[in-house]
Amino acid sequence: MNATNAAIKTRPQRRLLPGFGMTMGFSVLYLSLVVLLPLSALLFNSTGLSWAKFWDVATDARVLASYRVSLSTAAGAALIDAVLGLLLAWVLVRYEFPGKRIFDALIDLPFALPTAVAGVALTALYAQNGWIGALLAPLDIKVAFTPLGITLALMFIGIPFVVRTVQPVLEELDRDMEEAAATLGAGRGRTFLRIVLPELLPPLLTGFALAFARGIGEYGSVVFISGNMPMRTEIAPLLIMSKLEQFDYAGATAVALILLLLSFLLLLVINTLQHWMRKSAR
């Protein structure tokens, strides 16, 4: 028996994937082609942009207004998606009901549906003569061509990020702790806040960051329902397209660089918070 165990230990283990060198090289090549080269091209195009021109574009009132619209609506949509996404993931994991698989598949619909189609559909529904917009018009509630409509569109495209990051963690969550808390007399609310929520905060932050970052750069689903009114409902990606159509490549590059910087800072802050939370939980 000992000889057999020794033979098993000395036998070279078969790897499912090639060695470190090949996998690392392929990963670096893929990352370079898909991520680093496009970003490098953006930075290369900005070399002809003087600091004075960059500052003039960055501080322009119309540009600042577009950033305010993009950031405020993306943040609002991501916050709402964090709450609704947690609720949807909870229902999918903790309950059984007819049509659950269809309901689960519908969560991924914004991934498969072209964003322009989503924008046209939302505009048709929430315009003042639309099915839902006509019902809201007597209440003096306008959705289409307002920041509220932009937020609604960003909620639609951002909800899968939250659900798909929270759902696997919730599935692996040990329910013995919840049962022990209930045995000791803890109510449902206290059990959720003290036991369940701390475990779900890291994936919630990840889903929020992904939805927020996607919302900042979203164009297709927003361009129709926003109305594209400068200083009111004009988003930053649309402003970039407008500058490109006017052959203002320097201005478009400046706006894009600021969006890139904002997205990078957001992801850096979220990753730092996640690292701190994991370190505190140990």
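Under a model in which nothing but the beta-carbon of Lys, Arg (+1) and Asp, Glu (-1) is charged, the range 115-240 shows a dipole of about 380 debye around its Cα centre.
Per 0.36 nm of contour for each residue apart, how much would the distance between Phe192 and Asn129 grow if the chain were fully extended, relative to their Cα-Cα spacing? Don't jump to the answer; show the numbers that get you there.
Working: separation 63, 0.36 × 63 = 22.68 nm, distance 4.29 nm.
Using 0.36 nm per residue and subtracting the Cα-Cα distance, I get 18.4 nm.
A 1.4 Å probe over all protein chains sorts Tyr219, Tyr249 by accessible area into Tyr249, Tyr219, starting with the largest. At the residue level, Asp104 shows approximately 40 square angstrom of accessible surface with a 1.4 angstrom probe and all protein chains present.
Kindly give the semi-axes, whole Å and largest first, of the ellipsoid equivalent to the range 101-251, taking each as the square root of 5 times a Cα gyration tensor eigenvalue.
Values: eigenvalues 291, 79, 41 Å².
Whole-Å semi-axes of the equivalent ellipsoid: 38, 20, 14.
Between Phe264 and Arg101, what is the FRET efficiency for a Förster distance of 45 Å, r being their Cβ-Cβ separation, to the nearest 0.05? Efficiency for this residue pair is about 0.75.
Legend: calculated FRET efficiency, Leu139 to Val91, from the Cβ-Cβ distance at R0 = 35 Å, rounded to 0.05, equals 0.75.
Applying 1/(1 + (r/R0)^6) with r as the Cβ-Cβ distance of Met241 and Thr183 and R0 = 45 angstrom yields a FRET efficiency of 0.15.
Projecting the Cα atoms of Thr233, Leu265, His275 onto the charge dipole of the range 226-282, computed from C-beta unit charges around the Cα centre, puts His275 farthest toward the positive end. Within straight-line reach of Lys100, meaning a Cα separation under 18 Å, sit the following aspartates and glutamates at least 8 residues removed in sequence or on another chain: Asp108, Glu171.
The values are calculated or read from the model by the stated rules, or taken from the named source; none is laboratory data. Computed from a predicted model, the values in this text were never measured in an experiment. Backbone-built Cβ (ideal geometry, glycine too); neighbour counts: all protein chains shown. To get the accessible areas, we keep the full protein, side chains included, count just its heavy atoms, and leave off ligands, DNA and RNA. Shrake-Rupley method; radii C 1.70, N 1.55, O 1.52, S 1.80 Å.
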